[in-house]
Amino acid sequence: MSKVVIIGAGHAGGSVAGFLKQYGFEGQIVLAGAERVAPYQRPPLSKAWLKGEADEGSLQLRADDYYAENGIDLRLGVTATAIDKAARTVSFDDGTVESYDHLVIATGSRARKLPIAGGEDEGLLELRTTVDAERLKASLGEGKTLVVVGGGYVGLEAAASARALGGSAIVLERMERVLQRVASPTLSAFYMRRHTEEGVEIRTDVDVTAISARSVTLADGTVVQADAVLVGIGAIANDDLARDAGLECNDGILVDLDARTSEANIYAVGDVTRRPMPHYDNLMFRLESVPNALEQAKQAASAITGRPQPVHEVPWFWSDQYDAKLQIAGLPFGSDGQVVRGDPDTGSFAVFHMKGDRIVCVEAVNAPQSFMFGKQAIGKALSVNTEVLADEAAPIKSAAAA
């Protein structure tokens, strides 16, 4: 009987186990994760969890009895320490060794540390797990000040949650604008204004030189005091195990469109991978998103069970901050222009990143039709009329060139 071992019981790993069962796999499945909770959704940690609107039970991917009822050996609180490709075994820190016919690595990513004085302070907060979220939640509330180092999506969402709970929030960003690495200037300006309107203090172009659990020191000597300090400066792929096993890695485990690594019977899925992007000439890229985790879980489960390769999906992302629902489809690779539909001042607009007459990415705030049109246009490589695309009075579907 064939046996699949899945290292990592997060959204990606848990989804692989689920798809294997859905696709008719009848062999053994071992799903092992370092956290002590069953697979759960992570995006709500910076929003609903912090505001007390979600807990472990509501975020679970599956009911508690799903795993046992479906013959999935769920092992929690164990960390894989070594992969032996020749022997086809995985060793764990509790002393157990599991053999495998197929191995799936879903070890995710970890928070990047600040390489400065105090950067390793255990009192600093990050936001990757329910444990992290609970620590942060306990630090928020009426009259409390949260300082966020890093103006990315997670940090901004946490700042919004801090304000919703009656506290203060200060965001410190090294670059000229928040979201500079991941969003257009139009979108950055919108969120800068929106957070400022909600009482968040945002300081850009600042360098942090020292940090502790209660204060942040800037290059000009300013010391920013806080009740809690959250560091959100990106994530590092947990590919150490794969590297040690001799798998090909480059800021993530390199995989193909079957989620297969350089070893034929070893797969990798989720944040830990660097994968080809079919809609962008198979450029290799590391995505960190739930849709990507689900897509790669389907790829790996399909390959293991002998099903046809799934349809290639357009990457997409989302973020909820205050009353602004952001939906992004695609990536702005090779874009040579932008088209804005709607007015950011109204809180409903979309920014289309263009490559010639084709959309390569869309950022849509409270504009679901623009998001869906952009996503479909990217998937089908449609040519569009940019003048119609920019005209909010025209039906967006009419922007598709005849």
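A short reminder: the numbers here are calculations on the coordinates, not readings from a lab. As the structure is a computational prediction, the values presented were derived from the model and not from experiment. Ideal geometry is used to build each Cβ from the backbone, glycine not excepted, and the neighbour counts take in all protein chains shown.
Placing dummy labels 7 Å off each Cα toward the beta-carbon, the span from Leu76 to Val37 is 0.9 nm. Length, then width, then depth: along the principal axes, the Cα atoms of segment 148-197 run 30, 19, 14 Å.
Prolate is the label for segment 76-223. Its Cα gyration tensor axes, ordered a ≥ b ≥ c, give a/c of at least 1.5 and a/b above b/c. Net length available on complete extension from Asn265 to Arg112 is 52.1 nm, with 0.36 nm assigned per residue and the Cα-Cα distance removed. Each residue of segment 323-332 was assigned a 3J(HN,Hα) from its phi angle through the Karplus curve 6.51 cos²θ - 1.76 cosθ + 1.60 (θ = phi - 60°); the sequence is 9, 9, 9, 9, 10, 10, 10, x, 9, x Hz, with glycine and proline shown as x. Cross-link partners of Lys380 among lysines, defined as those whose alpha carbon lies under 16 angstrom from its own and excluding same-chain residues fewer than eight positions apart: Lys355, Lys397.
Annotation: amide H of Met354 within the under-5 Å range of Asp336, Gly337, Gln338, Val339, Val360, sequence separation 5 or more or interchain, hydrogens built in the peptide plane.
Over the residues of the chain, the helix contribution to mean residue ellipticity at 222 nm works out to -6500 deg cm²/dmol, using -39500 (n - 2.57) for each DSSP H run of at least 4.
Using the empirical formula 2.2 N^0.38 Å as the baseline, the Cα radius of gyration of segment 197-346 reaches a ratio of 1.38. A compact globular protein would have a Cα radius of gyration near 2.2 N^0.38 Å; the ratio found for segment 1-92 is 1.18. Just check segment 48-130 against the gyration tensor rule for me: Cα atoms, a ≥ b ≥ c as the square roots of the eigenvalues, rounded for a/c under 1.5, and otherwise prolate or oblate depending on whether a/b exceeds b/c. It is oblate, given that a/c is not under 1.5 and a/b is not larger than b/c.
Entry for segment 252-307 at q = 0.17, 0.28 Å⁻¹: log10 I(q)/I(0) = -0.45, -1.18, Debye formula applied to identical alpha-carbon scatterers, no solvent contribution. Computed log10 I(q)/I(0) for the chain at 0.07, 0.13, 0.14 Å⁻¹: -0.35, -1.17, -1.29, from the Debye equation with unit scatterers placed on every C-alpha and solvent omitted. Take every Cα pair under 8 Å whose residues are at least 6 apart in sequence, average their separation, divide by the length of the chain, and the relative contact order is 13 percent. Show me the trypsin sites (Lys or Arg not before Pro) within segment 121-215 that DSSP assigns to loop and that have at most 12 other Cβ atoms within 10 Å of their Cβ. Listed in order of number, the matching sites are Arg181. Comparing segment 1-159 with the 2.2 N^0.38 Å rule of thumb, its C-alpha radius of gyration ratio is 1.20 (two decimals).
Distance from the C-alpha centroid of segment 196-249 to that of segment 274-307: 29 Å, rounded to the whole angstrom. Global dimensions of segment 78-120 from alpha-carbon coordinates: Rg and Dmax equal 15.2, 46 Å. Going by Cα centres, segment 151-165 and segment 347-400 are how many Å apart? Using only Cα atoms, the two centres lie 28 Å from each other. Can you tell me the FRET efficiency between Asn385 and Asp205 if r is taken as the Cβ-Cβ distance and R0 is 35 Å, rounded to the nearest 0.05? Here the calculated transfer efficiency is 0.35. Full extension of the chain between Ala63 and His312 gives 86.7 nm of extra length, using 0.36 nm per residue less the Cα-Cα distance. Here the Gaussian network model covers the chain, with springs between Cα atoms less than 10 Å apart; of Asp256, Asp345, Asp320, Asp345 fluctuates the most.
Counting only lysines at least 8 places from Lys51 when in the same chain, those with an alpha carbon closer than 25 Å to its own are Lys137, Lys144, Lys325.
Amide H to amide H distances under 5 Å link Ser348 with Asp343, where only residues 5 or more positions off or on other chains count and H is placed in the peptide plane.
Among the GluC sites (Glu not before Pro) in segment 24-115, those located in a DSSP loop and surrounded by at most 16 other Cβ atoms within 10 Å of their own Cβ are Glu26, Glu53.
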